[in-house]
């Protein structure tokens with residue numbers, strides 16, 4: 001049977017972390033949504049972690065500045081995950097090769113600056129999640145890029161094409 005959820009507290013105590021879309025859930029493009037902000041703040045006071053998710057191509061620092069302008073307080077969230085940061089991470093891991101061609105405005109070169117990846121565990125309260133049995137396949141691991149490995153090669157394609 002389908003359960004109708006009327007408010008976050010109806011289910012939030014079942015989860016260690018929330019991944020929350022920004023647009024339309026936390027802000028309307030101009031200002032914070034007060035009830036949503038209050039719900040996230042209350043959840044964090046119980047020890048829950050909040051990761052704000054957006055398909056913005058910008059790094060999380062730019063999104064954080066925008067959230068401040070919209071009136072979303074920093075105590076409503078723990079981290080921000082952007083599609084721009086995901087693309088940068090893939091580039092730094094070499095998922096797109098070792099040479100890339102940049103087309104864009106000079107201000108967009110920040111895309112090529114090294115990433116700071118969130119390494120802290122999000123869980124800070126007792127979890128209902130249990131480790132898989134020994135017979136289960138281990139979860140895949142992703143290597144963390146090092147500062148040395150986070151320097152993409154910005155080069156032009158050869159004229160011979």
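The values are calculated or read from the model by the stated rules, or taken from the named source; none is laboratory data. From a predicted model like this one, the values you see are computed outputs, not experimental measurements. Note that each Cβ is placed from the backbone with ideal geometry, even for glycine, and that neighbours are counted across all protein chains shown.
So the values come out like this:
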quantity	calculated
Residue match in the range 32-49 (condition: within 27 Å of residue 113 (Cα to Cα) and loosely packed, with under 13 Cβ neighbours inside 10 Å)	no
Near pairs, Cβ below 7 angstrom, 6+ apart or cross-chain, from the range 73-93 (surrounded by fewer than 21 Cβ atoms within 10 Å (Cβ to Cβ)) to any residue that is at pLDDT 95 or above and outside any helix (DSSP H, G or I)	78/49; 78/50; 78/51; 79/51; 81/51; 81/53
Condition check for residue 118: surrounded by 13 or more Cβ atoms within 10 Å (Cβ to Cβ), modelled with pLDDT of 50 or more, part of a loop (DSSP other than H, G, I, E, B) and out of contact with any helix residue (DSSP H, G or I) (no Cβ under 6 Å at 6 or more places or on another chain)	yes
Residue satisfying all of: in the range 24-46; modelled with pLDDT of 95 or more and touching a strand residue (DSSP E or B) at 6+ places or on another chain (Cβ under 7 Å); nearest to residue 82 (Cα to Cα) among these	26
Residue identified as more than 29 Å from residue 113 (Cα to Cα) and in a loop (DSSP other than H, G, I, E, B) among 4, 103	4
Pair list, Cβ under 7 Å, 6 or more apart: the range 10-33 residue in contact (Cβ under 8 Å) with a residue 60 or more places away in the chain, other residue assigned to a helix (DSSP H, G or I) and surrounded by 11 or more Cβ atoms within 10 Å (Cβ to Cβ)	none
